[in-house]
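So the structure is just underneath, and the comments pick up after that.
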Amino acid sequence: MRLAALVAAATSLCVLATAAQAQVDEGEFAIPPYEGVYQPQDRDERGLWTMADEDERVLRDTDVVIRDPALNDYVRGVLCRTVGQDRCESVRVYIVRVPIFNASMTPNGTMRVNSGLLLRVRSEAELASILGHEFAHFELRHTLANYRRSRTGSDIGAWAAVLGAAAANYGGYGYGHNAQVAILGGVYSFRRNQESEADALGFSYIADAGFRPIAAAEVWQGVMDETDRTAIDRGRRSPRYDGVAFFASHPTSMERAEALADLATRVPGGDYDGVEEYRRATADWTPRFLADELALNDFGGTDYVIERLGEYGQTADLLYARGELYRGRGHPRDLVNAAQFYRGALDLDPDLHDAWRGMGLALLRSGEFAQGSDALRTYLELAPEANDAAMLRMMIKE
Amino acid sequence: MRKFGLLIAAALLIAPGSAMAHRLIDANEAVTVARSDLAVVPQIEWNRISQRPGSNAERWTLDGELLNDVLFFGEVASGDTLFREVNRRETPLPQFASDMLLVDLPDFVESSLRIAKGASTFTTTSVEPTQFLGQGGVRFEFETLGSDDLRRKGIAVATIIDGELFMMLYEAPSLYFFDRNRADFEQLVASAHLG
């Protein structure tokens, strides 16, 4: 029931946005004057910054950070355009290779952007809406407020939670990266009223920068739809959104969806999307992010992600990834579909040699030996140095 | 009293399991592994980690699984996973299918390792035909970046017999450890047979 209402609210956003441009209150989305370089004020805040500095030192040196200067400059550029050059100076952006939708920001100005987020957004406006929202939490210093609140609870209770989080994180499913992140997880999850404040300020940045504000709602809707598709494919009903990393620290609710809808209708905003610009800037990385996504073994969710990206124009990379996804699941009907996706990919980009490989393997597995062998032969002619060339040669000789 | 209970609970959560006694595997004696007919004859002593990584799996190490991790998988049938599920609801592991091609195995292993061990990146560097257990098989090498931010290299040798997967896999940090014990792993592979 709650879900149905949520989806209804999210879809109604699009309608409302065009209808209600009239009632704009100019003052509501005014961005507060920037206070310049900020330093921690008291003991709590200095402690929090020390922890964040230590975390950042670890993060800076990890190999999971993507160093590509072009991609980093681009993401930083979108952030700067969103929040303005002076605010932007206070942030260090780290793009990390984690195939999960999430972004976060610590009180000392460390912004973490997951590759899974970059894969899922389709335009500069969508990216700006997330980066702006995270920056708003930072500017409003929400983490400090949470830290103070958490300290007023029972100390033993707090430590039990901390130790529990640390123990659960060792050796297990490793996206947390280190225990410190898990411990701070509680400090960094936000309250409902803080979400509203960050939404309001986030929309103000987007509006001021001339982005199309409804893009923000479209991102949330996409992530919620993806979670539904994952659940449906796994035979589950009535999904809640705790499985989504971003929502674990950013509670979502009916109330929030309504608030977002309301804000999107009132914010003045512009009409800049930046779809082509975004595609061009991320083109080199998209195939790698898609490959990371494919390894998650989430057929429903990944199929939705690829489908949603395709709404803004089909590409050879997307069709190839879909072929890989279907071939990976490997039901007889999937193999037929996969071969079609590979063919489609080759129509769009005849130089995408890997599509020949995928098509050959899909056909071989469906029992179409002659056709499959032909496709693999074509692949081997085009890519004789492929790392599995010897294996494929042996397969088609049999 | 309630606080005391919480303390105990916290202590239990971080204490290493007392049932984690490992077993020494003697050198030069044939031993069957992974609850299957797969048998090897090690030339040096190994430690068997008592906690099974999966129902058709077994884990050996010399210095600890983070430094040298040898995994055996035997008689993995259609619908089986390589490892025990870490979170069946949110991140289920991929299942083996008996009609998989040998060349599909690197992708299957990649997905399994990413989910079960939390590898951040996985790059297959070579895939070659080989003989394993007297059958045509596949040998592939890979590089990973673990959730502990350590770069590792790995080798896997596998074959599918009557629709069941048999595989041996070695993973160790690229720095020093991988090369140091590579020959020990190759010796295990060479000694492998169906008992």
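The values are calculated or read from the model by the stated rules, or taken from the named source; none is laboratory data. This structure is a prediction, so every number in the text was calculated from the model and none was measured. All Cβ positions, even for glycine, are placed from backbone atoms using ideal geometry, and neighbour counts span all protein chains on display.
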Please find, among A:Arg322, A:Arg327, the residue that is on the phi < 0 side of the Ramachandran plot, more than 14 Å from chain B (Cβ to nearest Cβ) and crowded, with 22+ Cβ neighbours inside 10 Å.
A:Arg322
In this structure, is A:Ser104 under 14 Å from the mean Cα position of the chain (by Cα) and under 20 Å from A:Tyr312 (Cβ atoms)?
no
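Would you list the helices (runs of 4 or more DSSP H) that sit entirely within region A:315-369 and hold 3 or more residues that are of a type outside the set (Ser, Thr, Tyr) and under 17 Å from A:Arg288 (Cβ atoms)?
Those helices (runs of 4 or more DSSP H) span A:316-329, A:354-365.
Tell me whether region B:86-95 contains one or more residues that are touching a strand residue (DSSP E or B) at 6+ places or on another chain (Cβ under 9 Å) and either within 12 Å of chain A (Cβ to nearest Cβ) or not β-branched (Val, Ile, Thr) (or both). Walk me through it before giving the result.
So in region B:86-95, the residues touching a strand residue (DSSP E or B) at 6+ places or on another chain (Cβ under 9 Å) come out as none.
No - not one qualifying residue is present in region B:86-95.
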Please verify whether A:Gly132 is within 14 Å of chain B (Cβ to nearest Cβ), within 23 Å of A:Glu276 (Cα to Cα) and either at pLDDT 95 or above or part of a helix (DSSP H, G or I) (or both), treating the condition exactly as stated.
no
Region A:82-95, residues that are surrounded by fewer than 23 Cβ atoms within 10 Å (Cβ to Cβ) and under 14 Å from A:Asn72 (Cβ atoms):
A:Cys88, A:Val91, A:Arg92, A:Val93, A:Tyr94
Kindly evaluate A:Asp53 against the criterion of being at pLDDT 80 or above, under 30 Å from the mean Cα position of the chain (by Cα) and not in a loop (DSSP other than H, G, I, E, B).
yes
A:Gly367 within 30 Å of A:Tyr278 (Cβ to Cβ) and either over 32 Å from the mean Cα position of the chain (by Cα) or modelled with pLDDT under 95 (or both):
no
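Any idea which of B:Phe72, B:Phe83 is buried (at least 21 other Cβ atoms within 10 Å of the Cβ), more than 9 Å from chain A (Cβ to nearest Cβ) and farther than 23 Å from A:Leu335 by Cβ?
Working: B:Phe83 fails: buried (at least 21 other Cβ atoms within 10 Å of the Cβ).
Residue meeting the stated conditions: B:Phe72.
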Which ones in region A:284-303 are crowded, with 21+ Cβ neighbours inside 10 Å, touching a Lys or Arg at 6+ places or on another chain (Cβ under 8 Å) and within 14 Å of A:Gly323 (Cα to Cα)?
A:Ala295
If I filter region B:153-162 for residues that are farther than 19 Å from A:Phe289 by Cα, in contact (Cβ under 8 Å) with a residue 60 or more places away in the chain and among the hydroxyl-bearing types (Ser, Thr, Tyr), do I get at least one hit?
no
Can you name the condition, by its number, that B:Asp99 falls short on among (1) part of a strand (DSSP E or B); (2) touching a Lys or Arg at 6+ places or on another chain (Cβ under 7 Å); (3) acidic (Asp, Glu)?
(1)
Can you find, within region A:50-81, the residue that is surrounded by the most Cβ atoms within 10 Å (Cβ to Cβ) among those that are farther than 26 Å from A:Phe289 by Cα and out of contact with any strand residue (DSSP E or B) (no Cβ under 8 Å at 6 or more places or on another chain)?
A:Met51
Could you say whether any residue in region B:109-118 is acidic (Asp, Glu), within 11 Å of chain A (Cβ to nearest Cβ) and within 23 Å of B:Asp162 (Cβ to Cβ)?
no
Among residues belonging to region A:347-398 that are among the hydrophobic types (A, V, I, L, M, F, W, C) and touching a Ser or Thr at 6+ places or on another chain (Cβ under 7 Å), point out the one that is farthest from the other protein chains (Cβ to nearest Cβ).
A:Leu348
Pairs with Cβ under 9 Å, 6+ apart, first in region B:23-48 and in contact (Cβ under 8 Å) with a residue 12 or more places away in the chain and within 20 Å of B:Glu164 (Cβ to Cβ), second buried (at least 16 other Cβ atoms within 10 Å of the Cβ) and among the basic types (Lys, Arg):
B:Val33/B:Arg48
Residue selected from region A:330-340 under the condition touching a helix residue (DSSP H, G or I) at 6+ places or on another chain (Cβ under 6 Å) and more than 14 Å from chain B (Cβ to nearest Cβ), by the criterion nearest to A:Leu376 (Cα to Cα)
A:Ala339
Among strands (runs of 3 or more DSSP E) completely within region A:63-117, the ones holding 2 or more residues that are among the hydroxyl-bearing types (Ser, Thr, Tyr) and within 14 Å of chain B (Cβ to nearest Cβ) are none
